[in-house]
Amino acid sequence: MSKPMETRESLLLRLSHGRCERAWYEFADIYRPMIVRLAKQSGLQESDADDVAQVVLVSISRTIGSWRKDAKKGRFRAWLTTVTKNAVRNAVTRVPRDKLVGETQLFQLLNDSSSDQDAVNRHIETEFMRAVFRSAARQVRTEFAEATWHAFWRTTVGESSVDECAEELQMSRGAVYTARSRVMRRLQQVTHDITMEVELP
């Protein structure tokens, strides 16, 4: 069983000091996949999307100290959204139109000057919540026995009924319900902790 993540406030404080390798590893583990996904949804190829993620992470590392001292920049999540959006848009504008991959919703929003920026922000917010869930799930999975985790996953994310899951895992129906409840409660707690990282002023 792994040690639970420290509080997100502590992570933000250590990020602002700029000298904690573990804090940056945790931050990148959560946000790099999100940034890459957003960049790819904007039409960039894998290598270009990786470059965008690197640009955003470097920008954050260089400026997070000043952000914490400047209340005018607002909350961290809004600031991160702005940095990410600008990096993706800049990268997209440098790539020839015929080299872009696909015509996704985000691609259209970023390339339409009349786009509602609230729609762009909502799209990024959705990706943020997905990234938080994936990060929380990776942590929580290590805290439970395989059968307990699978009982939760198959009856929530998957499409198995409690009866089907009980039979597959050779558990009682009550044990499946208990396992699902325990994992769900812990997952909600970790998700909340991670989210609080970017809710702090």
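Laboratory data are not the source of any read-out in this text; all were calculated from the coordinates shown. Just so we're clear, the structure is a prediction, and the values are computed from it rather than from any experiment. Cβ placement follows ideal geometry from the backbone for every residue including glycine, while neighbour counts extend to all protein chains displayed.
The ranking of S160, S47 from fewest to most other beta carbons within 10 Å of each one's beta carbon is S47, S160.
In order along segment 149-163, the Karplus-derived 3J(HN,Hα) couplings, from 6.51 cos²θ - 1.76 cosθ + 1.60 at θ = phi - 60°, round to 4, 5, 4, 5, 4, 5, 9, 10, 6, x, 10, 7, 7, 4, 4 Hz, and Gly and Pro are given as x. Peptide packing: for 152-158, 57-63, the average count of neighbouring Cβ atoms within 10 Å per residue gives the ranking 152-158, 57-63, highest mean first.
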